[in-house]
Each structure stands twice: as structure tokens, then as C-alpha cells.
Amino acid sequence: MENPLNDLTDKSHADNPMNSPSEHSRRKFLFKVALLLNGAVGAVLAVPVLGYLFGPFFRKNSSYNNWVSVGNLEQFPPGETRLAKYRNPMGTPADGQTRTLPCWVRHIANNQFQVFAINCAHMDCPVHWFPQSKLFMCPCHGGVYYQDGAVAAGPPPRGLFQYKYKIVGNQLLIWAGELPTLSTEASNASPGCSSCQS
Ligand code: FES
């Protein structure tokens, strides 16, 4: 004997407009549109992430990092520390004077140099060189550095940041464009820089 309840269920299933073929294909269509939209949004969100992850591989040969001159060797007498300036390779002509950046160049002897970022390793204030005391001093919170960039006193957590350098002809070049960060190894030991090139 047939169960009348089964009849009722089959009937209601067939009568339900949500189960009609047109409704089914409409849902399939909307599902595909939603998938497409999700894919498009995902692709847009992925661009900056991929750029962040893979950007450095492409920057190596671009103007992001470049050897730039800080001047002739004659400008930096042995035993002295002098202020030098270079053109930021990351800048554009529209930057005007702000594209010119300062750094401190220390000529130890025999073409051995240290080139320091002007910024204090504590909170980026520009440090000043005092030749009488042979110290770099920071005006903001009293940070003091020895002539080799090592911390002498105050809050800086590490020595002054250093640029890689090399000598080409009579020009002193530094590897510029990439700002030093706290992940850069501290250079607060002996004079000279293991990462520097000459
Ligand atoms: S910014 Fe130089 S000591 Fe704080």
C-alpha cells in the first residue's frame, strides 16, 4: 500500500518554484557571477601583496638602488669626517632640492671609509659631527656616537647606519636609495664596515 505522505512530499517538491529548471539555471548563473566577482576582488587584493613580496627582486636593476657619487676623494681628507650630499636615485625631477640627501663621510686612512646615514638610530633626527670631541651628537634626546658610529651614550639602540661604498676613479660612490632599517646589522664595533666595499 502506498504511503500518502510520499505522494504529498513528491507533489510539494515538484510544486516548489525553487526547484524549477529555470530557477536552477538562474542559481547556477548567480553562483558563477559570484565566483567571478570573488576572483576579481582576490586578484585586486593580491597585487599589492605580490608587489611587496617580489618587488625587491625587480628593484635591483632599477633606479631604486644605485651607486651614486658623494664627491671626489679630495673632498675627504684622511682622518677627517665631512658632510657630503648625494642625489636620491628614488626621486623624480619634481622633488627639487628635497632629492638631495646628506650623509657623513669618514675617511679613516688609505681609502678606507665609513659613510654614515645622517639620521640618528633612535628616532631619525639628524646627527651633528663635532670634530673637537670626535663625536656625533643628536640634538633630540642626547644620543652620542663615537667617530666610528658606535653608540657612546643616550637612547640609540645601535650604531649609526652605514652605506656600502666603493671607489671608482677618484669618485666615492655609495649604494643609495634603500634606506637603512633596524634589520641592518649594527656597526658599532671597530672602525670600518664589514659590509662595505672598496
Ligand atoms: S632621535 Fe637621536 S637620541 Fe633620539
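The values are calculated or read from the model by the stated rules, or taken from the named source; none is laboratory data. No experiment lies behind these values; they were computed from the predicted model shown. Using ideal geometry, Cβ is built from the backbone for each residue, glycine included, and neighbour counts are taken over all protein chains shown.
Some notes on this structure:
- Reported count of residues in segment 105-146, each being more than 16 Å from the ligand (Cβ to nearest atom) and not in a strand (DSSP E or B), is 6.
- Test: residue in segment 179-186 that is at pLDDT below 90, touching a Gly at 6+ places or on another chain (Cβ under 7 Å) and part of a loop (DSSP other than H, G, I, E, B): yes
- Any pair with Cβ under 6 angstrom, 6 or more apart, that starts in segment 132-145 at a residue that is over 12 Å from A121 (Cβ atoms) and ends at one that is hydroxyl-bearing (S, T, Y) and more than 8 Å from the ligand (Cβ to nearest atom): none
- The single condition among (1) assigned to a strand (DSSP E or B); (2) within 12 Å of the ligand (Cβ to nearest atom); (3) out of contact with any Gly (no Cβ under 8 Å at 6 or more places or on another chain) that Y86 does not satisfy is (2).
- First in segment 21-39 and free of Cβ contacts under 8 Å to residues at least 60 places away in the same chain, second anywhere and part of a helix (DSSP H, G or I), Cβ under 7 Å, 6 or more apart: E23/P17
- Matching residues in segment 69-83 - criterion: being in contact with a strand residue (DSSP E or B) (Cβ under 9 Å, 6 or more places away or on another chain) and not in a strand (DSSP E or B): L73, Q75, F76, P77, P78, G79, E80
- Some residue of segment 108-115 being surrounded by fewer than 15 Cβ atoms within 10 Å (Cβ to Cβ) and over 29 Å from V168 (Cα atoms): no
- Selection count where residues are free of Cβ contacts under 8 Å to residues at least 60 places away in the same chain and in a loop (DSSP other than H, G, I, E, B), scope segment 147-157: 7
- Hey, L135 closer than 23 Å to K164 by Cβ and out of contact with any Gly (no Cβ under 8 Å at 6 or more places or on another chain) or not: no
- Only one of the numbered conditions (1) in contact (Cβ under 8 Å) with a residue 60 or more places away in the chain; (2) over 19 Å from the mean Cα position of the chain (by Cα) is violated by L101, and that is (2).
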